[in-house]
Amino acid sequence: MNPGDQLKKRLQHLVALLLVGLAVFGMFAEPAHAEDLAVKVRVQNQVQDAGTGKTKKEPVAGVKVVVADTSGAQVGEGVTDDKGVALIPLPAKADYTVTLDESTLPEGFALQEGGAERQVKGDAFVTSTVTVNYFTGAANRATVGWWSQFAQRLADGARFGLILAMCAVGLSLIFGTTGLTNFAHGEMVTFGAMIAYILNTDRAITPWLAFPVAIIAGGAFGLAQNEFIYSPLRKRKIGLVSQMVVTVGVAIVLKNIFLRILGGRTKVFAAFNNQDCKRVGPICVTPRDATTALISLVILVGVALALQKTRLGKATRAVSDNPDLASSTGIDSQKIIRLVWILGGMLAATGGIFRGLDEGVGPFIGSDLLFLMFAGITLGGLGSAYGALVGSFVIGLFVEVSTLGIPIMPGKNWPAPLDWLHNGVPSELKNVPAYVGMIIVLLVRPQGILGRRERVG
Amino acid sequence: MATDEQTLSETARIARAALANVAPEPGVAKPDPIMTAEGVRRSFGGITAVDVERVEIQRGSITALIGPNGAGKTTFFNLMTAFDTPDTGKWWFDGKDLEGVQAHKTADMGMVRTFQLTKSLTKMSVIENMKLGATGQKGEKWWNGLLPFTWLAQEREIEARADALLARFKLDHMRNEYAGTLSGGQRKLLEMSRALMTNPKLVMLDEPMAGVNPALKQSLNQHIKGLRDEGMTVLFVEHDMDMVHDISDWVIVMAEGMIIAEGTPDQISSNPAVIDAYLGAHQGKSLLEDL
Amino acid sequence: MNWSNILTATLSAFFGVNAMYFALSAIGLNVQFGYAGLLNFGQAGFMACGAYAVGMTAHYYGISFWWGVPIAVVYAVIFGLIMGVPTLRLRADYLAIVTIALAECVRLIVRSVTFKKYFGGSDGINQFANSFVSKTPFNPSSKYSLYPFADSVNAVGSVLLLVSFAVCSVLLGHMLAQKWAKEERQGFQTKWIISAVAVMAFLMIASKQTEYDGLSFKSLVVGWILAAVIGGFIYMLMRSPWGRVIKGIREDEDAVRSLGKNVYSYKMQALILGGVIATFSGIMFSVSRGSVQPDNYSRDVTFYVLTALVLGGLAKVSGSIVGPMLFWAILSFVDAFLNELAKSWGGHVDIFGIPLITESSHIGVYVQVVIGLMLVFLMVFRPQGLFGNKKEMALDGH
Ligand SMILES: Nc1ncnc2c1ncn2[C@@H]1O[C@H](COP(=O)(O)OP(=O)(O)O)[C@@H](O)[C@H]1O
Ligand SMILES: [Mg+2]
């Protein structure tokens, strides 16, 4: 019997013993109910920025909230703190009604969708706390001419497209060289933003140092994932589908670690905050956004040129095209793969920092972009780095611009998806057309814009 | 070869006689072609992998397709069996135009192929592998799946046929093992016998001997000849010239995507174009050494 | 530390509503991923189809709640077609990407203000299942135990549950026996019986520790019976020639295609069949709560179902039923354990000066980390599940 079997045997015995112990214990112990339960109420004011059209959320303090059980008896109450949060302890996992006292809202604030009264179901207590969100404030969009709105969206879209492309190139390169579709790539984006945020805001380090360090950390993070997870898996000859499932597990773990470190709320960088936008023709852009867009553009052109011209870039493309052939011509494919992970990590981190400057840093900023990256890569052609670059840029542009309708249709009484053309896609659904677009691309031209058909046999 | 003439079976004599008067030149017409390809081209990016002007496969014969690595033999197989689509060209099987016909339909029509890299279904048992090959199974409709009485009788029939084939290919002792536990050569055998479960008219074998040990090779040879005796047509890719000589009635040579020569085995081994193609591809090694 | 709390939480989860609806979903995912090798990452979308089909009956169509069941099946078929048509001819990654994106689309749409009229926005739909809730033989406001000798037990329910217990224990026993039998068949019978009896005993003891409210209890009875019946069907189907083709496709679809099978059609059948089963998961979950909420169908739900399935073992019906039970037992154990730990440490858990838990909402984070780690380690070291078969495992290297 080899040591592995012996270990397994011991483990089996241990499990059996535990089960028996549990059973015996279960016979004598009494059922229990009590737990440390609470409902967490969060009140936020949504303000729409007239210039960018983006919605920001700000906490609302001093709002009174009452919790009652199904019989209507009050079981707890609380007042929101300066984070807009009230934590109200509860006696048991059961159904409750949470009511917000609208008279305690600040002057001029009104509740948006959902109403003041909310139901909390007993089953919603997956953990011991259930969160109830209230949003207040009316959106007040400035009336600007359609063309200048369009120009603004185009500019924002281009910026977003560049960031998305930066994030997606690494994903595509990793896919190209190893065949792995990495569902944890979004977490590489978040990682960069998080490190930059911690250094810059928590540790008060100048962004000129903090951001490069975060980018290097992103590269190291990518390398570490390859060395400690995927390289061993490749050596063990674990199939690609299994590896893909592993990336899902890695994503879950990382996302939650980030959530624990950062907390659930979106944070703002200390650096380059609160800049006023400068008018450039019809559009309004902050110096920060203009700079990040320019840097992104330079980086992307640099990556494209490097892939085209340098020896390593050519080797990378060779490995993507045909790993066997590449290794038979003396290219060390493992080295290339390592390089690709580092580069992918650094690009993702950069994208994350820029995205974080734009939208604030939260634990899910990367994973929220993942599907758009996939859409971009699919559009460009799975495995083609240029395709990913172009495709993601187009997707980013499309997502931003699609929220602005083309006011050409007479009458506004069309049912929902049709009136989007006229009124623009509602921002809560702005990713939907991109996903649908991806599916249409797959139907019409599965290899994407720049991809190739595959080999059989 | 003179020694062979005496041991030739009845079907072999018929096949060779039918091909005796066919001119040994690329694209030549055969008396009774089962498969015909015309103007079939397929390129990948810059490389033209297949560019066949015309080729016919004689019914009831064993035809060898040879050529250096990268000549386009596998791609040609893929194109004929609809695993890949050509950029241009037409091809027929048994008189039926195959353009736009899906891969699984070609198998239904009686055209079955094996793969250069064996595709045994590793986590299924050998007998399950075999039973999968049978066509027209009633139980393969999902609504029948739940009603065993609709397919149990047929299943027993299929199993008997599969067992007979396994015995013939000497795999019967592995019947209940996972296919993944077979050796490389045994997998080749399994894939071939599984293909036969479809009751094909034309069997297309992509390098059936690669990785098979010499002892097994001999019996494989006999099996392939046996197929012809049972009325099937065989088209196979092979590098071993001795074996090609031994069993084939006709040889087609491919290089750089094109058919460069055709003829009986004897005609081919003395064809300068063939020697040239091999020498060109293999930089000066002698033909026999390499093949 | 109150071990009794932890034990109760763990054991309740074993047969709880969560395990029940996960089991239904996992049976479906098993058809797709376990047997056919289709990496469907949009199972939550299929579940949402079921939930919203029944939810919308009263809320939007104004018809009886029971119509929700056939409507759910229609939704699932349509959803499956939308997923399958563009992707099933392409390589596995595309299916994963498209299914996850489509499920996300569904979630975005049903929780949107734009379509609130149909789907109730982020609050979802409540109080639609009255005809299910009110017909219950169990009083929703009292507690029911599975323990046959408890005071509050309902005879009908406990008989039904004992039947499903028996099914479960047979399945579990079967698996344990396979695991423990050194030479496959030798000593099989006795070990099989011993394991089954042991499992039954464990279940009885577990049941003493647990109780459910009336509505949950009814849903559990219906849900587990449904899981057993559907599981039985899948078991038969996978032993038919249809199942053989499906398994062949998982191993190598080109080989199957070369043998004259319409692989595309079979993949579509598997995808839709699995989706239709998952839709029942959504139905059962929503009626058990009397409400439909969009955020219960996020992408994470798919991943948790996947983890639960891998835990029980792919390509085994028993695995898809036992896996979710173990999954929720483990989760609830970790959750309750950390809660107790935090409580006994005064609300703060510091290790080496790192503040791991400072408020109770942090516990959920660690529970999810455990899920992620479970998925990674199972996929790498035990792709055949906790009770995997050695021979099959040896083949994974190939
Ligand atoms: N999917 C593909 N993509 C790119 N090149 C391919 C593909 N399939 C085949 N080729 C190329 O086509 C040529 C013919 O290959 P193949 O048919 O496999 O040759 P053979 O089977 O004769 O050895 C080779 O140069 C090969 O690299
Ligand atoms: Mg070949």
Ranked by GNM mean-square fluctuation in chain B (Cα springs under 10 Å), the top entry among B:220, B:117, B:189 is B:117
What percentages, rounded to whole numbers, describe P(r) for the stretch C:31-153 computed over all alpha carbon pairs with 10 Å bin width beginning at zero? 12, 32, 26, 21, 8, 1
From the Cα centre of the stretch A:181-195 to that of the stretch A:58-119, the distance in Å is 35
What is the helix-to-structure angle for B:152-168, meaning the angle in degrees between its Cα long axis and the longest Cα principal axis of chain B, kept from 0 to 90 and rounded to the nearest 10? 40
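Quick one: if the Förster radius is 45 Å, what FRET efficiency do residue C:2 and residue C:67 give, using the C-beta to C-beta distance and rounding to 0.05?
The calculated FRET efficiency here is 0.45.
As a check on your grasp of the helix formula, calculate [θ] at 222 nm for the protein assembly as shown: sum -39500 (n - 2.57) over DSSP H runs of n ≥ 4, divide by the residue count, round to the nearest 500. Walk me through the numbers on the way to the answer.
Working: 44 runs with 627 residues, N = 1146.
For the protein assembly as shown, the value works out to -17500 deg cm²/dmol.
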In this structure, the FRET efficiency calculated for residue A:440 and residue C:131 from their beta-carbon separation, with R0 = 35 Å, to the nearest 0.05, is 0.30
So, with points 7 Å from each Cα along the Cβ direction, the residue B:172-residue A:56 label distance in nm works out to 8.3
Find the percent of Cα-Cα distances in the protein assembly as shown that exceed 38 Å, and round it to a whole number. 56
What FRET efficiency comes out for residue A:133 versus residue A:416 if R0 is 22 angstrom and r is the Cβ-Cβ distance? Round to the nearest 0.05. 0.40
So what is the relative contact order for the stretch B:1-101, in percent, with contacts set as C-alpha pairs under 8 Å and at least six apart? 27
Separation in nanometres of the label points that stand 7 Å from Cα toward Cβ, at residue A:102 and residue C:60: 2.7
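For residue A:155, what charge total do you get from the other residues with a beta carbon under 10 Å from its beta carbon, if Lys and Arg give +1 and Asp and Glu give -1?
Numbers: positive: A:153, A:159; negative: A:156, A:289, A:400.
Its environment carries a net charge of -1.
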With Rg from the Cα atoms and Rh as the Kirkwood inverse mean 1/r over Cα pairs, the stretch B:18-117 has an Rg/Rh of 0.94
Kindly rank C:338-348, C:25-35, B:234-244 from highest to lowest mean number of other beta carbons found within 10 Å of each residue. C:25-35, B:234-244, C:338-348
Semi-axis lengths, Å, the stretch C:245-398, gyration tensor of Cα atoms, sqrt of 5 times eigenvalues: 37, 21, 12
Amide H contacts of residue B:263 (H built 1.01 Å from N, under 5 Å, at least 5 apart or other chain): B:251
Out of every Cα-Cα pair in chain B, what percent are more than 34 Å apart? 21
Footprinting exposure proxy for C:174, A:422, B:173 (fewest neighbouring C-beta atoms within 10 Å first): B:173, A:422, C:174
Options A:240, A:164, A:263, ranked by Cα towards positive dipole end of the stretch A:146-455, top entry (Cβ charges): A:240
Amide H proximity to residue B:61 below 5 Å, modelled H, separation 5+ or other chain, gives B:234
Using the Kirkwood radius over Cα pairs of the stretch C:19-92, the Stokes-Einstein translational diffusion coefficient at 25 °C and 0.890 mPa s, in µm²/s and rounded to a whole number, is 184
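Fully extended, how many nm does the chain gain between residue A:110 and residue A:322 (0.36 nm per residue separation, minus their Cα-Cα distance)? Before the final figure, lay out the partial values.
Details: separation 212, 0.36 × 212 = 76.32 nm, distance 6.03 nm.
Roughly 70.3 nm would be gained on extension.
Looking at the protein assembly as shown only, what percent of DSSP beta bridges run antiparallel? Nearest 5 please.
On the way: 61 of 85 bridges.
Just about 70 percent of them are antiparallel.
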For a label point 7 Å from the Cα of residue A:334 along Cα→C-beta, name the residues of the stretch A:233-247 whose backbone N is under 17 Å from it. A:233-238
For the pair residue C:139 and residue A:294, how long in nm is the line joining their label points, each one 7 Å along Cα→Cβ? 7.6
Let me understand the stretch A:146-455 better: what is its radius of gyration from the alpha carbons, and its Dmax, in angstrom? 19.8, 66
Select from A:326, C:102, B:20 the residue farthest towards the positive end of the dipole of the protein assembly as shown; place +1 on Cβ of Lys and Arg, -1 on Cβ of Asp and Glu, and compute about the Cα centre. C:102
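A short reminder: the numbers here are calculations on the coordinates, not readings from a lab. Everything numeric here is computed off the predicted structure, so don't read it as measured data. Using ideal geometry, Cβ is built from the backbone for each residue, glycine included, and neighbour counts are taken over all protein chains shown.
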